[in-house]
Amino acid sequence: MTTILQEHLSDAEPLLAVRDLDVQYRIAERDVDLVKGVSFDVGVGEIVCLVGESGSGKSLTANALLGLLRRNKRMTVRGRLEFEGSDLNTISNGSLRKVQGREIGMIFQNPASALDPVIPIGKQIAEAVARRRTERADIRRRVIELVDWVGISDPEQRVKQFPHEISGGMCQRAAIAIALAGDPKLLIADEPTTALDVTIQAQILALLKQIRDDRRMSVLLITHDMGVAAQTADRIIVMYAGSIVEAGPTKEFFAHAGHPYSIGLINAVPRVDGARARRFSAIPGSMPEARNRPEGCAFHPRCSIASDRCREETPELRQTGTQLTACHRADEMLSGLVKPWSTQAVVPLPGGVT
Amino acid sequence: MDRVPPSLRPSAWSRWINRPGLRKRRFRANKVMLTIAILFLLLMLAWALAPSLFTAGNPSATNPLASLAGLSARFPLGADQYGRSVYTELVYGAKVALEIGFFCTILGGGVGGAIGIFSGYLGGKVDMMVMRGIDMLMALPPLFLALIFIAALAPTTTNEIIAVSVATVPAFARVMRGRALEVRSRLFIDALTVVGVRRRRILWRHVVPNCAPPALVLASINVGTAIVTAASLNFLGLGPSVVTSWGTQISSGQGYINKEWWISVFPGILITLLVISVNIVGDWVRDALEPSSQ
């Protein structure tokens, strides 16, 4: 499995290689798998998107990368997180600290709460800049440069303001400035646009792309929004119930997704073009809780084409066409023998026109 | 209105309590009270800093001829059994009261707050052990705690401050630990960790400043509590015996309360006013720093 992933998941040389990542949570004397057997690469200069519903384990994967789960004694992280020759899962806290901020930066979902409310944003950016530079004038110049670069107007004034004095979009830009302060090679963006409105969302995504192009930086973008993934990603990885169910290059993925869950997610995005105009449909049911995941394929209770085999045997991730899919019936779907969600009720858009 | 059962209709009492315009009136009343409280505190501060400006007498000058003299031009608030002017003693006692209130809050609040923040931020076993210790102290009423300490130490002003400070430690430790736990779990702490900021720096530069607002509120209210605790110790005769304080004044007037009431009543009124003023200002500080609690 690992070899297939290495060969096919990334054309670029890998910067980050996650192998068989497991995250377990100890609850009532029992270990519950929150993330299981996740493997993927992020190549140099590549934007990889982790997509999935809430609770699919995407944020946990990101938090595991930067050691944010280390202090939680109930969490166990297993597997290899290879980054530039070292395993982020096993290196000492001291070595991890050298990677944090300098090699890998991270931005969070809620920009307002990711900034310290009692400190002006300029000081907070300076704190991150000080990880690489020591001279005060140098730090100050770099702060202004960063603030300007992430598109905050009037930098000299803005750096003196507190997070509550600026808008959510500005906060997220400040957070991006902090993440970029140490010139990281990889930026992890955990739902960076979820708390922002659509126009700001588009600006932030454009900014991420621009930064990628300027610096040849890699981005691991975590989102539940297929639209965001389609706009931004080079490759898409879909997670469901703690495992990867499908992975492939963006264009191919949207052209012929091979997993019923991916297809369901794509269908769930309202579209204004093509045959699906003015319609969208939702996947019935909801994600099973981590402690009582079903036997076999975790998705089978919600799947419209689940067979007996799906109920008993857990599908492995394997090559199907241009992507990797963890579905027993992927081949049948690709050859057009079965079509998921064909009988599903179509939800009309408000307005009554269908 | 007809369909609402009688039990759910607003009672006359609740209608009166929520009568229109009351909020506004209450707000205005608050402002008046706050102004009075601040003026009173300023007066006490002036007494403490420059007592000789307010009274010509000497607080410890006894005069057997004036023993138990009533209210007069010479003794505006009467004289005690040794012929000392109650008013002069009150003016000189302000310094003792404010000193106790201020230093005990700084010392006790500082130590208690530090214990609480460290304990909450570090968490785990350290936190558990420290907090069990604090629980033991909390099992005793603060006055009793102070009493134990002053009884074990010599009755000097410094020791009294130490004893009252010890009594304020548990409350501060508890509140600050709760705050530190809450701040520690906030997203920006993760964001700082991810940038590679050291834990010690996160504690000093980020956790401590975020714990400041509740600490200030608690401190401003604690000043009054500390004054009462110290006055109680003095009343019980456990405070420093050579210094005149309001607590010792009340205590010495005990036997005369039926006829020569002024010896005990005036210091009592002053302690009450001081504590109420401090609490009013404390409430105002809380409203200013934590608008959500209104």
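The values are calculated or read from the model by the stated rules, or taken from the named source; none is laboratory data. Predicted, not measured: the structure shown is a model, and the values here were computed from it. Quick reminder, even Gly has a Cβ in these numbers, built from the backbone with ideal geometry, and neighbours come from all protein chains shown.
In the condition set (1) within 19 Å of A:THR250 (Cα to Cα); (2) assigned to a helix (DSSP H, G or I); (3) not charged (D, E, K, R), A:ALA189 is compliant with all but (2).
Against the test of being within 30 Å of B:ARG201 (Cα to Cα) and hydroxyl-bearing (Ser, Thr, Tyr), the options B:TYR121, B:TYR92 yield a single qualifying residue, B:TYR121.
Cβ-Cβ contacts under 8 Å between residues 6 or more apart (or on different chains), taken from a first residue in region A:164-182 that is in contact (Cβ under 8 Å) with a residue 60 or more places away in the chain to a second residue that is of a type in the set (Phe, Trp, Tyr) and in a helix (DSSP H, G or I), are listed as A:LEU180/A:TRP149. Taking the stated definitions as given, is A:SER113 buried (at least 24 other Cβ atoms within 10 Å of the Cβ), of a type in the set (S, T, N, Q) and either closer than 30 Å to A:GLN161 by Cα or modelled with pLDDT under 90 (or both)? Spelling it out, it is not the case that A:SER113 is buried (at least 24 other Cβ atoms within 10 Å of the Cβ), of a type in the set (S, T, N, Q) and either closer than 30 Å to A:GLN161 by Cα or modelled with pLDDT under 90 (or both).
A single member of B:GLY120, B:GLY109 is in a helix (DSSP H, G or I), touching a residue at least 60 places away in the same chain (Cβ under 8 Å) and farther than 30 Å from A:ALA181 by Cβ, and it is B:GLY109.
In this structure, is A:VAL42 part of a strand (DSSP E or B), more than 8 Å from chain B (Cβ to nearest Cβ) and touching a Pro at 6+ places or on another chain (Cβ under 8 Å)? Answer is yes for this residue. Applying the condition of being outside any helix (DSSP H, G or I) and not charged (D, E, K, R) to region A:137-156 and asking which residue is farthest from the other protein chains (Cβ to nearest Cβ) yields A:SER153. When restricted to residues that are in contact (Cβ under 8 Å) with a residue 12 or more places away in the chain, of a type in the set (A, V, I, L, M) and facing chain A (nearest Cβ under 10 Å), region B:158-196 contains 3.
Within region B:116-129, the residues that satisfy the criterion of being farther than 13 Å from B:ALA215 by Cα and surrounded by 15 or more Cβ atoms within 10 Å (Cβ to Cβ) are B:PHE118, B:SER119, B:GLY120, B:TYR121, B:LEU122, B:GLY123, B:ASP127. Within region A:160-186, if we keep just the residues that are part of a helix (DSSP H, G or I) and farther than 18 Å from A:ASP148 by Cβ, the residue that is nearest to the other protein chains (Cβ to nearest Cβ) turns out to be A:PRO163. Taking (1) at pLDDT below 90; (2) surrounded by fewer than 15 Cβ atoms within 10 Å (Cβ to Cβ) in turn, A:ASP20 satisfies each apart from (1).
Counting only strands (runs of 3 or more DSSP E) wholly contained in region A:47-136, the ones carrying 1 or more residues that are away from chain B (no Cβ under 14 Å) occupy A:47-51, A:75-83.
Reported count of residues in region A:327-343, each being touching a Pro at 6+ places or on another chain (Cβ under 6 Å) and either of a type in the set (Asp, Glu) or modelled with pLDDT of 85 or more (or both), is 2. Regarding region B:81-96, can at least one residue be identified that is touching a Ser or Thr at 6+ places or on another chain (Cβ under 8 Å) and more than 30 Å from B:ALA56 (Cβ to Cβ)? No, every residue in region B:81-96 fails to be touching a Ser or Thr at 6+ places or on another chain (Cβ under 8 Å) and more than 30 Å from B:ALA56 (Cβ to Cβ). A:LEU324 meets the conditions (1) surrounded by 15 or more Cβ atoms within 10 Å (Cβ to Cβ); (2) at pLDDT 80 or above; (3) not in a strand (DSSP E or B) in every case but one. The failed one is (3). Residues in region A:202-218 that are closer than 18 Å to A:ALA181 by Cβ, of a type outside the set (Asp, Glu) and part of a helix (DSSP H, G or I): A:ILE204, A:LEU207, A:LEU208, A:GLN210, A:ILE211, A:ARG212, A:ARG215.
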